[in-house]
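Asker: Supplied in structure tokens, the structure appears directly below.
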Amino acid sequence: MNYLSTRGHPDRKRFCEILLEGLAPDGGLYLPEHYPQVDTAMLAKWRELPYAELAFEILSLYIDDIPPADLKAICAKTYTPEIFGSEEIVPLRELEDGVYLEALSNGPTLAFKDMAMQLLGNLFEYELARRGAELNILGATSGDTGSAAEYAMRGKKGVRVFMTSPDGRMSPFQQAQMFSLQDENIHNIAVTGVFDDCQDIVKAVSNDLAFKRKYRIGTVNSINWARLLAQVVYYFAGYFQATAGNDKPVSFTVPSGNFGNVCAGHVARMMGLPIQTLVVATNENDVLDEFFRTGIYRVRAAADTHETSSPSMDISKASNFERFVFDLVGRDAGKLRSLFVDDLGREGRFDLSGTPAFAQAAERFGFKSSRSTHADRLAVIRDTDKRFATLVDPHTADGLKAAREHLVLGVPMVVLETALPIKFAATLVEALGHEPARPARFEGIEALPKRVVKLPADAEAVKAYIAQNCD
Ligand SMILES: *Cc1c(COP(=O)(O)O)cnc(C)c1O
């Protein structure tokens, strides 16, 4: 399998070449040259497989530069009941008639990002050992990504993590999750500033090519293809659990921010998994909902990006969206460039309204969308508690609201649960008047010793810190 750039660069790469890379050299995103197809015989066979083996089968279609026995061992080591809390790894439960919740948040940091990041940690360690190389991961987080990356990379050979976060802006639980890690290869950097300052620092350091090369700086952000690929697997696992041996279609609703999670659903659907509809659920930051309703994609300025009670979906632009639009415009890299480089670069928006391409987003690719507000979130949390004695986190609540708006009789609707409620306890308290239960292993983490340095919002200070801690 070869990978291409959405912006038309002539080079073709193999999986392990793009594994440790971010953007393609022309600023595009990597995608496979084609989507491998599944048929009913394959689906019937895969239905019976444990999660780790299902992951191996799917990854094998996209990875041909890791020997199969090694890849199988990596999957087996990643997707275990010890790490993900159950034999099924992603158990599905029916909430009400036709509406299901797929549990993706029982990994080490209690958000679905563990599903991909745990695999990434093992792939990185494997590939770096094979090359005899090292990597220093520099990231910016407002919560879930940073902790998932740290728990995936802790103790891994050849990898250090330097994770910046806005000082004092994460929830106490999220802070404790990250700062209580005592592993030598994990560095928490609390930046005096906001999340955008952290992102600017990461950009500035990455743009210093001499520094980047000297200190082998890499990232694990959501545009990484391996992360997206890992997420494709749980669409298959959810599908198998929602259908009992027939090949009837299923729909998915996905709480969305950077469009990574739902893009994995798009890939699964392109492979031939019988997915009827992919519902994109957004919060008040409705860049994506606006596109799927109107055909206009308009990125927001920092000042127009709202701080909401589903903060992991607070985005001004959706970094993986370009992958879907590439398919939407028939994989025409020239057209893609005119949208993302010319229109978006110049005017901060592009407009596909009234075009045949836009009509295909729903008709051919099965996309729909919804938007929710803080009040919706609280109402869904209360209602789900009252009727089903189930607590959902605010992002999953956004998903449930959207799912009900697009429910079709006879088509199971699977809502992807993106985090456990304890991560966002303040909103649960606001909705219900009490804190959600916390898994035993997180009892008292706020009181543990913290390993974190505080630095000013200055790329030079972060560079100096990295240099000091690499030898
Ligand atoms: C990351 C995250 C999202 C958004 O996922 P994308 O892949 O960026 O669309 C939603 N909910 C939670 C809890 C998250 O951590």
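The values are calculated or read from the model by the stated rules, or taken from the named source; none is laboratory data. Only a predicted model underlies this, so the values are computations on that prediction, with no experimental measurement involved. Ideal geometry is used to build each Cβ from the backbone, glycine not excepted, and the neighbour counts take in all protein chains shown. Each accessible area value is taken on the protein alone, full model and side chains, heavy atoms only, with ligands, DNA and RNA left out. Shrake-Rupley method; radii C 1.70, N 1.55, O 1.52, S 1.80 Å.
Asker: Tell me, in nm to one decimal, what length is gained between GLN276 and ARG451 on full extension, where the rule is 0.36 nm per residue of separation less the Cα-Cα distance? Don't skip to the answer; put the middle values down first.
Answerer: Details: separation 175, 0.36 × 175 = 63.00 nm, distance 4.66 nm.
Difference between extended and current length: 58.3 nm.
Asker: Turning to a different aspect of this structure: Can you give the relative contact order of the chain as a percent, counting alpha carbon pairs under 8 Å and 6+ residues apart? Kindly include the intermediate steps, with their values, before the conclusion.
Answerer: Working: 881 pairs, mean separation 87.4, N = 471.
Once normalised by length, the contact order is 19 percent.
Asker: In what order, largest first, do GLU134, GLU460 sit by accessible area if the probe radius is 1.4 Å?
Answerer: Largest to smallest exposure gives the sequence GLU460, GLU134.
Asker: Taking a quarter of the surface of the convex hull around the Cα atoms of the range 154-238, what do you get in nm²?
Answerer: That works out to 7.5 nm².
Asker: Just subtract the alpha-carbon distance of VAL411 and ALA464 from 0.36 nm times their residue separation and send over the number in nm, one decimal. Provide the component values of the computation, followed by the final result.
Answerer: Numbers: separation 53, 0.36 × 53 = 19.08 nm, distance 5.53 nm.
Extra length from VAL411 to ALA464 when fully extended: 13.5 nm.
Asker: Can you compute the radius of gyration and Dmax for the chain, using only the Cα atoms, both in Å?
Answerer: Rg and Dmax of the chain, Cα atoms, are 21.0, 60 Å.
Asker: Be a star and scan the range 373-404 for residues whose amide nitrogen sits under 15 Å from the point 7 Å along the Cα-to-Cβ vector of ASP97.
Answerer: The answer is 404, whose backbone nitrogens lie closer than 15 Å to the label point.
Asker: Per-residue HN-Hα couplings for the range 272-286, Karplus 6.51 cos²θ - 1.76 cosθ + 1.60 at θ = phi - 60°, whole Hz, x for Gly and Pro?
Answerer: Once rounded to whole Hz, the list reads x, 5, x, 9, 6, 10, 10, 9, 8, 9, 10, 9, 5, 7, 9.
Asker: By its C-alpha gyration tensor, with a ≥ b ≥ c as the square roots of the eigenvalues, how is the range 40-94 shaped: rounded for a/c under 1.5, else prolate for a/b larger than b/c, else oblate?
Answerer: oblate
Asker: Once you order the gyration tensor axes a ≥ b ≥ c over the Cα atoms, which shape class does the range 358-441 get: rounded for a/c under 1.5, otherwise prolate or oblate by comparing a/b with b/c?
Answerer: The shape class here is prolate.
Asker: Straight distance only, please: which lysines reach the Cα of LYS156 with their own Cα at less than 20 Å, same-chain residues fewer than 8 apart left out?
Answerer: Qualifying lysines at Cα under 20 Å: LYS72, LYS77, LYS113.
Asker: Moving on to the next point. Gap in Å between the Cα centre of the range 320-384 and the Cα centre of the range 405-419?
Answerer: 20
Asker: Once a ≥ b ≥ c are taken as the square roots of the eigenvalues of the Cα gyration tensor of the range 225-381, is the result rounded (a/c under 1.5), prolate (a/b larger than b/c) or oblate (a/b not larger than b/c)?
Answerer: Numbers: a/c = 1.86, a/b = 1.18, b/c = 1.57.
Since a/c reaches 1.5 but b/c is at least a/b, the shape of the range 225-381 is classed as oblate.
Asker: Stretched out fully, how many nm does the piece from GLU88 to VAL341 gain, at 0.36 nm a residue minus the Cα gap?
Answerer: Stretched fully, the GLU88-VAL341 segment lengthens by 86.8 nm.
Asker: Which percent of the accessible heavy-atom area of the chain goes to carbon and sulfur, probe 1.4 angstrom?
Answerer: Details: 9250 of 18090 Å².
About 51 percent, which is the carbon plus sulfur part of the accessible surface.
Asker: Take each of the peptides 41-51, 72-82, average the number of other beta-carbon atoms within 10 Å over its residues, and list them starting from the highest.
Answerer: 72-82, 41-51
Asker: Cut-off under 29 Å on the C-alpha distance; same-chain residues fewer than 8 positions from LYS335 excluded. Which lysines are left, in chain and number order?
Answerer: List returned: LYS13, LYS203, LYS317, LYS368.
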